Each structure stands twice: as C-alpha cells, then as structure tokens.
Amino acid sequence: MPRAARADDSPRSMNVLDKVLTLRPGNTVARVGAGSRVPLLNPRELLRALAEAPVALPCLPVQAKGALPGLLRAARSEDAVLGLACPHPLSDRGAPERFVVAAHQAAAEAEHARPLFLQAGPIRVARADADTLDALKDGIYRVVDAGFSLVSLDLSRLDSYEAVEAVNALVAPVTERELALELTGPAASGGFVDAYRTLLEGLRQWKVPVDFVRVPESALGEGEPDVRLLRSLVELAAEYDAVLSVGEAGAALAGGLPTYVAAGVRKVDCVGGFERLALGAWPPEVRASVAEKATAAGLPAGQLLSVLEEQLPPLDDAAREKLEALSFMEATEVLAALGATRTGQASLRFLAEKRGD
C-alpha cells in the first residue's frame, strides 16, 4: 500500500501510537528494544479496549514462520487486533526467543501498527510432581524473558486439586510481571462447569489472577457447539474476573466462529486450516517425514512442524510466497468471522485516551 494511503501514518495516529507504546509489557520491551514501533501488548489491554464490542480476540498459531507476513497483512487489511501463538515454546531452549524475534521482525519490516499480542502455548502440564513442576517453571521463566505477554497452561491431564497445586507452583514468572494467564481446565469427570469452578475457587484462595479460562472446541460437542455449556462457562469465568476462550477451533472454522462471539467468548485460538497450509508448503518427501515423526510422537503433523521447522530445508521463494498468500486468505476469513474487523485503530485510540485509567 502506498505510504500516502496508510491511515496510521497520519500525525494524529502517530501520536496515538506513541502513547500506546508506553503500555507495552516491560519483558517485551526488553526483548525487542525501546525503539521498536510495533504495538506488542498485553491482551488484557485489548479486552479493556474492546469491552463493549461483539468481538473475540483472534489468536492464530504460527506453525511455519513463512506464514507470518500473510497473517500480519490480513490484520492490516481488516484493521484487526491479532494474537500470534507459539504452539510449543518449550520444544528447545531457544524456541521462545526465535519466535518473538521472528514475529517482531516481520511486523517491523511491514511497519505493522495494529495491536498484537504473543501467546506462549498452551504449555501442557502432564504431572504435578515437584520435578516436573520445577522444570516447567524454569521453562516459563524463559518464555517470559523471551517477551511473550500471555502464557497459556493446559491442565487437562490433571484433576482439579492437582491443577490448583500446579498453577500455584508455576505462576510466579507470569504474575511477577503482571502478564496475562490462560488456563485450560482439568479433567472433567463430574462436568466441565464443576471442574472449572473448583479450579478457579482454589486459585482465588491463593490470590492467583486468571485472565482467560480456555475450553477446547472438542469439549463443546460435535458439529454445532453446545451453546448452553458455552454460556455457563462464560458466566462462571465472569464470577472470577476472567473471560472464556475457545481453543483448537477448526472443525467448522469461519461458519461456526460467530456462534462463539454471540455466546460471549472473548478469545478464540483458530487452528483451522493453518496447520494444513503450513505443512503443505514443504515438498512431499518432507511432509512424509514429518508425518512419520508425528505419528510416533502422537501429535498432529501440523503441530509437530512448529517444533521441527528449524531442522527442515528452508522453503524456496515460490513456496514461501504461496504460504504467505494462503495464510492471508485464511486469516482474513477468520478475523471477519470473529468480529475483529475495524478493531485495530479503535483499540489504539481507546488505549491512548485511557492509559491512566
């Protein structure tokens, strides 16, 4: 787009951006530098800015870094807020830093001036023993130091009481820096609402703030989501000063996303076709190798791709351009379906005016 046509280059908008940049989390500024012009924010600020809007924050997984320019271009095209998720931030010690640097570099090169947030995870908490939790806590410190503003923990393999214990042991790196916390609830043998209530009540007693209560799309029923369950969970989250998010959305993608918005969901992690597009960017022999390793690991091939990407042959220019274009198209559809269109500049103006509130 020609510079003269960019609304966010006007003197008034630049002043707005300067004000909003002061709201960036300290850990993010430490990673990308105080001179960065990219509004990488805490999603808590975006919830505040969009409190009255019928919108769910879109959060898109980055399975291949070549998709980043297309995802960001979609956010500019739709004037939308956007979250970018690193699905496996603890896959190796350098993964968190590489993700944040890549996301920031892509945004800076495009002069991206719409609000962004960076999500780490969901990080799976498989057990609640001391050794496991100590190792995870070290990993979460690395994630926070890398510059993420939202940490998502998956507690679905624990029961409610183990989950409370685990979160209480892990949360210090997040709460010390006043970052956002998202939790996928524990095993729900007695029903999701009861399991989530037990978790949230236990954490309230320990004064652990939770921003997002996450439920996987697969837990909401096949086909059309269980709207009654959704609304019950929305109300439950609100009792504990949190909001509901839906994870792993993809089965019905854009056609079903407005249902989540109408039910009061405030964030959606949209897997959709992004994993398929990322995997399809590599030649057949590379895809076959990733699929074989994914089967052995018990993971979808698209998910494993984000772990293995650094070990794969780099994409050629044609494949990278195709991935960018297809990611742009998929993301544009998702942003519109979640009501995120025209939320970018509106959020910036609100936050610039209400910084001290």
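Worth a mention:
- Heavy-atom accessible area per residue - the chain, 1.4 Å, Å²: 43 Å²
- The chain: most fluctuating residue of 182, 109, 165 per GNM, C-alpha cutoff 10 Å: 109
- Within the accessible surface of the stretch 39-347, defined with a 1.4 Å probe on protein heavy atoms only, the carbon and sulfur portion equals 51 percent.
- Solvent exposure, largest accessible area first (probe 1.4 Å, DNA, RNA and ligands not counted), of 77, 36: 77, 36
- Spacing of the modelled spin labels on residue 53 and residue 102, each 7 Å from Cα toward Cβ, amounts to 2.8 nm.
- Cα-based radius of gyration of the chain once divided by 2.2 N^0.38 Å, which approximates compact folds: 0.94
- Once the Cα-Cα distance is subtracted from the 0.36 nm per residue extended length, the residue 188 to residue 317 segment shows a gain of 41.8 nm.
- Largest accessible area first, the residues 211, 131, 226, 138 order themselves as 131, 138, 226, 211 under a 1.4 Å probe with ligands, DNA and RNA left out.
- In the complete set of protein chains, residue-level accessible area for residue 282 is approximately 10 Å², probe 1.4 angstrom.
- Per residue of the chain, the DSSP helices (runs of n ≥ 4 H) give a summed -39500 (n - 2.57) that works out to -15500 deg cm²/dmol at 222 nm.
- The modelled label-to-label distance for the pair residue 126/residue 204, using points 7 Å beyond Cα in the direction of Cβ, is 3.4 nm.
- Interatomic Cα distance distribution for the stretch 190-290, bins of 10 angstrom, percent: 14, 40, 25, 14, 7, 0
- Residue 293 accessible area, assembled protein chains, probe 1.4 Å, Å²: 100 Å²
- Antiparallel %, DSSP beta bridges [both residues in the chain], to 5: 0 percent
- Residue separation of residue 297 and residue 18 scaled by 0.36 nm, minus their Cα-Cα distance, works out to 95.9 nm of gained length.
- Structure remark: mean-square fluctuation, Gaussian network model of the chain, C-alpha springs under 10 Å; the largest value among 124, 214, 93 belongs to 93.
- Radius of gyration over Kirkwood radius for the stretch 285-336, both on Cα atoms: the Rg/Rh ratio is 1.05.
- Of the cross-linked pairs 207/354; 137/354; 137/293; 65/137; 322/354, those separated by over 31 Å at the C-alpha level are 137/354; 322/354.
The values are calculated or read from the model by the stated rules, or taken from the named source; none is laboratory data. No experiment lies behind these values; they were computed from the predicted model shown. All Cβ positions, even for glycine, are placed from backbone atoms using ideal geometry, and neighbour counts span all protein chains on display. Just the protein is used for accessible areas: all its heavy atoms, side chains included, with ligands, DNA and RNA removed. Shrake-Rupley method; radii C 1.70, N 1.55, O 1.52, S 1.80 Å.
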